[in-house]
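A.B. asks: Sharing a structure, written as structure tokens. Questions coming.
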Amino acid sequence: MTRIDDTPPTWDERTQLTTFLDYTRDIARAKCDGVSAENARKALLPGSPLMTMSGLINHLRWVEYHWFQVVFLGEEDRGPWTDEDPDREMRIAVDFPLAQLLDEYAQQSARYRELVAGNSLDTQAKGTVRDGLHVDLRWILLHLTEETARHNGHLDILREMLDGRTGA
């Protein structure tokens, strides 16, 4: 796998935060390099039937949508999940080619990069999280970096189980 640089070009807070989020996004995409459509749909962990490479990429895409558009911008939630099927984004991912999911994730990441660039890190979200709390953009960037990094570990496990490939 390609080593992706996590060193920011400048050391201000915004650049450090966005560099690490981009780094974790790039790692998620790199974990999928060369994975066949069939393998991307395989659920290899018996206790996690929804955990596929496709499912994780689609989940990451929709998690960013939720935090940037629903929480930060306060838009109506148009995500694929429902009360009856809260993990639907992972379930439906196997219906789409991995390449399409990766392209959509990359395009969306580019839009959110622009959104972040146009707002102060101190900007409070219009939507709320638990207990009516309004988080700021800084917190959202930190949370998304943590979530993406955690799921990169899942992608790493799946990739190693599929073909033995490991690495950053």
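The values are calculated or read from the model by the stated rules, or taken from the named source; none is laboratory data. Computed from a prediction, not measured in an experiment: that's the story for all the values here. Ideal geometry is used to build each Cβ from the backbone, glycine not excepted, and the neighbour counts take in all protein chains shown. Surface accessibility is based on the protein's heavy atoms, side chains included, excluding ligands, DNA and RNA. Shrake-Rupley method; radii C 1.70, N 1.55, O 1.52, S 1.80 Å.
A.B. asks: How large is ³J(HN,Hα) for each residue in segment 71-87, as worked out from phi by the Karplus curve 6.51 cos²θ - 1.76 cosθ + 1.60 (θ = phi - 60°), to whole Hz, x for Gly and Pro?
C.D. replies: 7, 5, 7, x, 6, 5, 6, 10, x, x, 6, 9, 4, 6, 9, x, 10
A.B. asks: Quick one: among 109, 54, 36, which has the greatest mean-square fluctuation in a GNM of the chain with alpha-carbon springs under 10 angstrom?
C.D. replies: Judging by the Gaussian network model, the answer is 36.
A.B. asks: So what are the radius of gyration and Dmax for the Cα set of segment 17-168, in Å?
C.D. replies: Over segment 17-168's Cα set, Rg and Dmax evaluate to 15.6, 45 Å.
A.B. asks: If you take every residue apart from residue 88 with its C-beta less than 14 Å away from the C-beta of residue 88, what net charge results, scoring Lys and Arg +1 and Asp and Glu -1?
C.D. replies: For residues surrounding residue 88, the net value is -4.
A.B. asks: Here's something else I'd like to know. Springs between alpha-carbon atoms under 10 Å, Gaussian network over the chain: tell me which of 144, 115, 50 tops the mean-square fluctuations.
C.D. replies: In the Gaussian network model the winner is 115.
A.B. asks: In percent, how large is the relative contact order of the chain, given Cα pairs closer than 8 Å and 6 or more residues apart?
C.D. replies: 30
A.B. asks: Oh, and also: Specify which residue in the list 132, 167, 58 is farthest towards the positive end of the charge dipole of the chain, using unit charges on the beta carbon of Lys, Arg (+1) and Asp, Glu (-1), about the Cα centre.
C.D. replies: 167
A.B. asks: Another one. Accessible area of segment 34-128 with a 1.4 Å probe: how many percent of it is carbon plus sulfur?
C.D. replies: 50
A.B. asks: Now for a separate question. Only loop residues by DSSP count here, and only those with at most 10 other Cβ atoms within 10 Å; note down the GluC sites (Glu not before Pro) in segment 81-127 that meet that.
C.D. replies: 84
A.B. asks: Next up: Which ³J(HN,Hα) values in Hz, rounded to whole numbers, follow from the phi angles of segment 119-130 under the Karplus curve 6.51 cos²θ - 1.76 cosθ + 1.60, where θ = phi - 60° and Gly and Pro get x?
C.D. replies: So the Karplus estimates, Gly and Pro as x, are 9, 5, 4, 7, 4, 7, 5, 6, x, 10, 10, 3 Hz.
A.B. asks: Just name one of 68, 151, 80: the one whose Cα is farthest towards the positive end of the charge dipole of the chain (beta-carbon charges, Lys/Arg +1, Asp/Glu -1).
C.D. replies: Of the listed residues, the answer is 151.
A.B. asks: Angle check, please: helix 53-65 long axis (alpha carbons) against the longest principal axis of the chain (alpha carbons), in degrees 0 to 90, nearest 10.
C.D. replies: 10
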